[in-house]
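The values are calculated or read from the model by the stated rules, or taken from the named source; none is laboratory data. Bear in mind the structure is a predicted one, so any value in this text is a computation, not a measurement. Note: ideal-geometry Cβ built from the backbone for every residue, glycine included; neighbour counts use all protein chains shown. Ligands, DNA and RNA are stripped out before the accessible areas are found, and what is left, the full protein with its side chains, is counted by its heavy atoms. Shrake-Rupley method; radii C 1.70, N 1.55, O 1.52, S 1.80 Å.
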Amino acid sequence: AELALARAAEVTRATLEATTDGVLVVGADSEVLYYNHRLLRMWNIPPTLVWAGSEAMLRHVLPQVADPERF
(Lines give C-alpha, C1' and ligand atoms only; values in the text may rest on other atoms or scores of the structure.)
Protein backbone atom coordinates (compact mmCIF):
# COMPACT_ATOMS: atom_id res chain seq x y z
CA ALA A 1 0.00 0.00 0.00
CA GLU A 2 2.85 2.40 0.84
CA LEU A 3 4.50 1.74 -2.51
CA ALA A 4 1.26 2.39 -4.37
CA LEU A 5 0.75 5.64 -2.43
CA ALA A 6 4.30 6.79 -3.17
CA ARG A 7 3.85 5.99 -6.85
CA ALA A 8 0.54 7.90 -6.97
CA ALA A 9 2.20 10.92 -5.34
CA GLU A 10 5.06 10.76 -7.86
CA VAL A 11 2.64 10.63 -10.80
CA THR A 12 0.61 13.51 -9.36
CA ARG A 13 3.71 15.69 -8.91
CA ALA A 14 4.90 14.92 -12.45
CA THR A 15 1.47 15.75 -13.85
CA LEU A 16 1.28 19.07 -12.00
CA GLU A 17 4.78 20.02 -13.17
CA ALA A 18 3.90 19.16 -16.77
CA THR A 19 0.78 21.33 -16.91
CA THR A 20 0.92 24.73 -18.58
CA ASP A 21 -1.04 26.23 -15.67
CA GLY A 22 0.43 27.61 -12.51
CA VAL A 23 -0.64 25.52 -9.53
CA LEU A 24 -0.72 26.78 -5.95
CA VAL A 25 -2.25 24.70 -3.17
CA VAL A 26 -2.80 26.49 0.14
CA GLY A 27 -4.08 24.83 3.30
CA ALA A 28 -6.75 26.21 5.60
CA ASP A 29 -4.00 27.53 7.88
CA SER A 30 -2.53 29.58 4.97
CA GLU A 31 0.41 27.24 4.57
CA VAL A 32 1.61 26.68 1.01
CA LEU A 33 1.28 22.93 0.57
CA TYR A 34 2.34 22.68 -3.07
CA TYR A 35 3.29 24.84 -6.03
CA ASN A 36 4.68 24.03 -9.44
CA HIS A 37 7.52 25.80 -11.21
CA ARG A 38 5.16 27.24 -13.82
CA LEU A 39 3.48 29.23 -11.04
CA LEU A 40 6.82 30.70 -10.02
CA ARG A 41 7.51 31.84 -13.59
CA MET A 42 3.98 33.14 -14.27
CA TRP A 43 3.77 35.17 -11.07
CA ASN A 44 7.43 36.23 -11.00
CA ILE A 45 8.04 34.64 -7.61
CA PRO A 46 11.78 34.78 -6.92
CA PRO A 47 13.53 31.83 -5.26
CA THR A 48 14.23 33.95 -2.18
CA LEU A 49 10.48 34.11 -1.47
CA VAL A 50 10.14 30.36 -1.89
CA TRP A 51 12.95 29.82 0.61
CA ALA A 52 11.43 32.38 2.96
CA GLY A 53 8.30 30.26 3.33
CA SER A 54 4.54 30.36 2.95
CA GLU A 55 3.90 33.80 4.41
CA ALA A 56 6.38 35.52 2.09
CA MET A 57 5.01 33.74 -0.97
CA LEU A 58 1.43 34.65 -0.11
CA ARG A 59 2.33 38.31 0.53
CA HIS A 60 3.74 38.37 -3.01
CA VAL A 61 0.78 36.56 -4.58
CA LEU A 62 -2.21 38.15 -2.82
CA PRO A 63 -1.98 41.59 -4.50
CA GLN A 64 -2.15 39.79 -7.87
CA VAL A 65 -5.39 37.96 -7.00
CA ALA A 66 -8.72 39.49 -8.03
CA ASP A 67 -10.35 38.68 -4.67
CA PRO A 68 -7.64 38.22 -2.00
CA GLU A 69 -10.20 37.88 0.80
CA ARG A 70 -11.91 34.96 -0.91
CA PHE A 71 -8.58 33.44 -1.93
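Remarks
- Here residue 20 fits the description: over 18 Å from residue 53 (Cβ atoms), open to solvent by 100 Å² or more (accessible area, probe 1.4 Å) and at pLDDT 90 or above.
- Across segment 29-45, the qualifying residues are those that are out of contact with any Gly (no Cβ under 7 Å at 6 or more places or on another chain), of a type outside the set (D, E, K, R) and loosely packed, with under 12 Cβ neighbours inside 10 Å, and the one among them that is farthest from residue 14 (Cα to Cα) is 30.
- Figure legend. Inter-residue proximity from segment 51-71: first residues without any contact (Cβ under 8 Å) to a residue 40 or more places away in the chain, second residues among the small types (Gly, Ala, Ser) and open to solvent by 60 Å² or more (accessible area, probe 1.4 Å), beta-carbon distance below 7 Å, spacing 6+ or different chains. Indicated pairs: 54/30; 58/30.
- Note on segment 53-71: among residues that are among the small types (Gly, Ala, Ser) and assigned to a helix (DSSP H, G or I), the one that is farthest from residue 10 (Cα to Cα) is 56.
- Criterion applied to 25, 50 was being β-branched (Val, Ile, Thr) and assigned to a helix (DSSP H, G or I), and the one residue passing it is 50.
- Tally of residues being among the aliphatic types (A, V, I, L, M) and in contact (Cβ under 8 Å) with a residue 12 or more places away in the chain across segment 26-39: 3
- Taking the conditions (1) open to solvent by 90 Å² or more (accessible area, probe 1.4 Å); (2) over 13 Å from the mean Cα position of the chain (by Cα) in turn, residue 14 satisfies each one other than (1).
- From 70, 59, 7, residue being modelled with pLDDT of 90 or more and not aromatic (Phe, Trp, Tyr): 7
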